[in-house]
Amino acid sequence: MRPIVARERVARIVAGLFGLVIAAALVVGVGSERGLEWDFVSYYNGGSRLYHGEARNLYRPDAPIAGRPAFFSPVFDYVGFPLSAWVFAPLGAFSPVPALRVFKLFCAACAAGGLLLLYREVLCASDRRWRSATGLALFLGAVAAFGPLWLIFGVGGQLTATAFLLLVLSFVALRRERLGASALCFSGVILLKPFFLASAWVFALARDWPWLGRLAIALGVEAALSLALFGLQVHFDWFDLLRQKEGWWAAPWWNDVAPIALAGDFWYYAAGQALPLEAPPPPLLHTLQWVFKLAALALFARLASETRRSALPAERRREHAFALAALLPLFLPTMAWPHYLVLFLVPLSIVAARSAARSRGAALLAAALLISALRPDLWLIFARGPRLRPVESLLEAIGLSLYGRATLLMALGALLVRHARLLRIQELSTRNATDGAPSGQAVGVRSDA
């Protein structure tokens, strides 16, 4: 017993140190002016337009605000659904620097709340070993090193943190059979990140009509409220902006984690990394993008069908379908910013919490996906400013492109070859728990599976 007690004592010390590192990083991130001229600009200008009663110009970044030019640059614009813009309308009451700190503090609260729920309600609720000091130390260590999380503060704050909290809340409510609350929280994710509407594809194929019906009601009510508050023209402006953003395809390896961007890199680097974001993609690349998107939709149709036909209990099937639904939208954009990987933590935790304890292979896969997403380089890149030496060779371009998209590429590969096995592990562990066998000893599951 003495070595175990000593190990737990060391783990508590390590967990405490990681906790201090996280707290210090949050204080520095919130207090710093870094990001004042990055993503914060879109939130501040958008919020100021609402605060000053100029909602009609929400998606017109060139328009003045209260008779003065918009802050910094009209290049940054908000792409969330009009109704969601009220989240940051209070920023208009402050000058830019205080507003930056208020917004970062809000993002920090959302990120911290989401991580706490993820740990307690997903990991600890699925495997009691996470409740130990060792489990806590591992979790806090991963959070401290998770580059996409800290990038949120490096760019001046991001509502990705809010979407992350809502996504976790949606899953927790789903687990507790509160379908209405779950669908409402998920609708909030869609308002902030419209590309998450693609999740409905998985829920429909999984035939989760009760949940999907509640989501449709929530989105319908929110759309009607948005039309009443903003009018039709603002929504036309929003659609036009989405159409423009969908055409974006060129970005450096460190600022785009979308799998399809791997193909776009060949044109981007061949052009000397000088292409503007708005440049139309080459015709061949445009075709490849759509082939990839259709293939991704077909793949998730197969995965949803496998989940629906599995021997898992109904509530477990619903939870697994939720993980797939949260994952699909990350594969579809032609550009996915690195902070989107914070959202990837939710489906990764859901599946890993059910499978990793029963299979060494599943545990190694989950660890590899997490390590690939840590991306400590993001902190360094944005701390010094994104001024990196140009990529000079094809080999270098391929290596950096694979590194930048490693997380979602690995996840895609895992879904292609391991999904059925992950379902089988969960089926056997559920049967094992029903039969009363000790936790973590799933009958028929090899430790090296």
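Every number here is computed from the coordinates shown, using simple stated rules; none is lab data. The structure displayed is predicted, hence computed values, not measured ones. Here the Cβ is made from the backbone with ideal geometry for all residues, glycine too, and neighbour counts use every protein chain on show.
Miscellaneous remarks
- Among (1) 70, 47, 47; (2) 85, 53, 47; (3) 62, 53, 48, the entry that matches Cα extents along the principal axes in Å as calculated here: (1)
- Residues whose placed amide H lies under 5 Å from that of I65, excluding near-sequence neighbours: A70
- Per-residue extension of 0.36 nm, minus the Cα-Cα distance of D377 and F239, leaves a gain of 46.2 nm for this segment.
- For segment 123-167: Kirkwood Rh in Å [reciprocal of mean 1/r, alpha carbons]: 12.1 Å
- Extension gain, E33-S305: 0.36 nm per intervening residue step, less the Cα-Cα distance, totals 93.1 nm.
- Cα coordinate range in segment 174-270, projected on the principal axes (Å, largest first): 50, 36, 21
- Shape of segment 89-217, Cα gyration tensor, a/c cut at 1.5: oblate
- Linear extension gain, A367 paired with V21, 0.36 nm per residue minus alpha-carbon span: 122.4 nm
- For the peptides 226-237, 51-62, residues were scored by their other Cβ atoms within 10 Å and the scores averaged per peptide; the highest-first order is 51-62, 226-237.
- The relative contact order of segment 2-435, computed from alpha carbon pairs under 8 Å that lie at least 6 residues apart in sequence, is 19 percent.
- Taking a straight line from the alpha carbon of K104, these lysines sit under 30 Å away, with near neighbours fewer than eight places off in the same chain left out: K193, K245.
- Rounded to 10°, Cα long-axis angle of helix 209-230 versus longest principal axis of the chain: 20 degrees
- Compared with the dominant Cα axis of the chain, that is its longest principal axis, helix 283-309 is turned about 40°.
- Estimated from helices alone, the mean residue ellipticity of the chain at 222 nm is -21500 deg cm²/dmol (sum of -39500 (n - 2.57) over DSSP H runs with n ≥ 4, per residue).
- Between the helical axis of 2-31 and the longest alpha-carbon principal axis of the chain there is an angle of about 10 degrees.
- Footprinting exposure proxy for F164, F322, F239, F81 (fewest neighbouring C-beta atoms within 10 Å first): F239, F81, F322, F164
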